[in-house]
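Peer 1: Would you mind keeping the following structure in view while I ask a few things?
No value in this document is a laboratory result; all are computed from the given coordinates. Please read all numbers here as calculations on a predicted model, not as lab measurements. Every residue, glycine among them, receives a Cβ derived from its backbone with ideal geometry; neighbour counts consider all protein chains shown.
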Amino acid sequence: MTNTLLRGRVITFHHEPTGPDDTDAYTYIEDGAVLMRGGMIAATGTYDKVAADAHGATLVDHRPHLLMAGFIDMHIHFPQVQIVASWGSQLLDWLNGYTFPAEAEYADAQHARAMAGRFCSLLTDHGTTTAVAFCSVHASSAEALFSEANDRGMRMIAGKTMMDRNAPETVLDTAQSGYDESKALIERWHGKGRASYAITPRFAITSTPEQLEMSGALVSEHPDCYVQTHLSENHDEIAYTAELYPQARDYLDVYERHGLLGPRTMLGHAIHLRDREIGAMAETGAHPVFCPTSNLFLGSGLFDDAGLRARGIQSGIATDIGAGTSYSMLQALNEGYKILQLQDQKLHTLRAFHWITRGNAEVLGMADKIGSLDPGTEADITVINARATPAMRLRMDRADSLSDELFVVQMMGDDRAIAQTYVAGVPQKNEKN
Ligand code: GUN
Ligand code: ZN
């Protein structure tokens, strides 16, 4: 079994920091080390102490960089890698004009396989080690993503999108085929290696009530699977949903009445919410997912982080590629910070880094596996270089605390600030920065 000892400055979170001075929320070690053994974290602590027990381990010296848990992206679309930065429209026109045509190409299994490799490399280049991903409607796209992630030993939560109306024929299934293909993928992949299945009705507009009914059946037959969909991203989307589901009390009720809400349900966007919907989320434990770069790019609106938190709701945070404009969770934090600024809310940098690591792991119910550097968890580790660019170096010359340094990384960092990414103990970036 390979033993690797990483040396560097170590930071790992234990719970969400209540503020900049909440030093109990995390451990920071100036001369620290993480011992990786068989894809797991065997020990984390001071270099002297961990090295003393690391007989025969290969040493990789990452000083002066920071070792942190790998980032978790809670909402991303695998078949949208080639439409990032497509100009000029808001949600529904963007879907029809760019997204559905691009996703139609994933009917070709060879294309899906080629893109799955590129997608996973992009994730790890940006420090992301786990993603919650939408595939296209074609079962072969989910097959391609799961097998690529499996080959890399990468934790992946994904699902074949179900959509049976209001889109071109080339990206439609039926209520029955959506159910059958999802079920077969669940049986093949859920719980295999590091894979988990997410039952994935795209959103209310592209699913008939029959399809949502059958999605609900899948949820009750496979309660340990995740559910991912979209909620209240855009005003036109909400109005159209109300027309399609006139009996529903509101948008969330469309999902609620079909048995799709629970603690394993991830609701992308969740921007324009009514009070009842927020109450129902709190009651069912369903999680909103904040997608900052996407919400700005499509002009969708401002996510009310403080309002949801005040109701005891724990949100995820994500890139939402391809409406999102960067694969970097650092950039999600950068734009997220600004969205909160516009509402006179604050995203402190310690909370921000907790969010993209342990926070998102908690939302997934996986904090015992990923999201920290705790011994016994999986060795998914991101190595951060706060001096990655000339502009960052200049700014870092004035950084006077850990929070200050992390804030520079949050606002100015991207894949250049990721010196290395380990997935189950294996380095993913070729060049060592
Ligand atoms: N709502 C339904 N599908 C999508 C999608 O692919 N991206 C975004 N941003 N919103 C959606
Ligand atoms: Zn999405």
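Peer 1: Among the residues of segment 105-157, count how many are crowded, with 24+ Cβ neighbours inside 10 Å and of a type in the set (S, T, N, Q).
Peer 2: 6
Peer 1: Which one is farthest from ligand 2 (Cβ to nearest atom), of the residues in segment 332-348 that are outside any loop (DSSP other than H, G, I, E, B) and out of contact with any strand residue (DSSP E or B) (no Cβ under 7 Å at 6 or more places or on another chain)?
Peer 2: Gln341
Peer 1: Further, regarding this structure: Just wondering, is there one or more residues in segment 189-206 that are more than 17 Å from Phe134 (Cβ to Cβ) and part of a helix (DSSP H, G or I)?
Peer 2: Checked segment 189-206: no residue is more than 17 Å from Phe134 (Cβ to Cβ) and part of a helix (DSSP H, G or I).
Peer 1: Next question. For segment 392-433, enumerate the residues that are polar (S, T, N, Q) and touching a helix residue (DSSP H, G or I) at 6+ places or on another chain (Cβ under 7 Å).
Peer 2: Residues satisfying the conditions are Ser403, Gln410, Thr421, Gln428.
Peer 1: Mind listing whichever residues of segment 46-63 are within 18 Å of Tyr28 (Cβ to Cβ) and either within 16 Å of ligand 2 (Cβ to nearest atom) or in contact with a Leu (Cβ under 9 Å, 6 or more places away or on another chain) (or both)?
Peer 2: Tyr47, Val50, His62
Peer 1: Let me ask something else. Might you let me know whether segment 239-251 holds any residue that is within 16 Å of ligand 1 (Cβ to nearest atom), over 20 Å from Ile356 (Cβ atoms), out of contact with any Ser or Thr (no Cβ under 9 Å at 6 or more places or on another chain) and in a loop (DSSP other than H, G, I, E, B)?
Peer 2: yes
Peer 1: Quick check on Leu66: is it farther than 19 Å from Ala131 by Cβ and within 13 Å of ligand 2 (Cβ to nearest atom)?
Peer 2: No, not satisfied.
Here is a yes/no grid of residues against (1) crowded, with 16+ Cβ neighbours inside 10 Å; (2) charged (D, E, K, R); (3) within 30 Å of Cys120 (Cα to Cα); (4) within 16 Å of ligand 2 (Cβ to nearest atom):
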{"site": "Gly159", "(1), (2), (3), (4)": "yes, no, yes, yes"}
{"site": "Glu169", "(1), (2), (3), (4)": "no, yes, yes, no"}
{"site": "Glu181", "(1), (2), (3), (4)": "yes, yes, yes, no"}
{"site": "Val219", "(1), (2), (3), (4)": "yes, no, yes, no"}
{"site": "Cys225", "(1), (2), (3), (4)": "yes, no, yes, no"}
{"site": "His230", "(1), (2), (3), (4)": "yes, no, yes, yes"}
{"site": "Glu237", "(1), (2), (3), (4)": "yes, yes, no, yes"}
{"site": "Glu256", "(1), (2), (3), (4)": "yes, yes, no, no"}
{"site": "Leu267", "(1), (2), (3), (4)": "yes, no, yes, yes"}
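Peer 1: In segment 77-126, which residues are without any contact (Cβ under 8 Å) to a residue 60 or more places away in the chain, within 16 Å of ligand 1 (Cβ to nearest atom) and of a type in the set (D, E, K, R)?
Peer 2: Passing the criteria: Asp93, Glu105.
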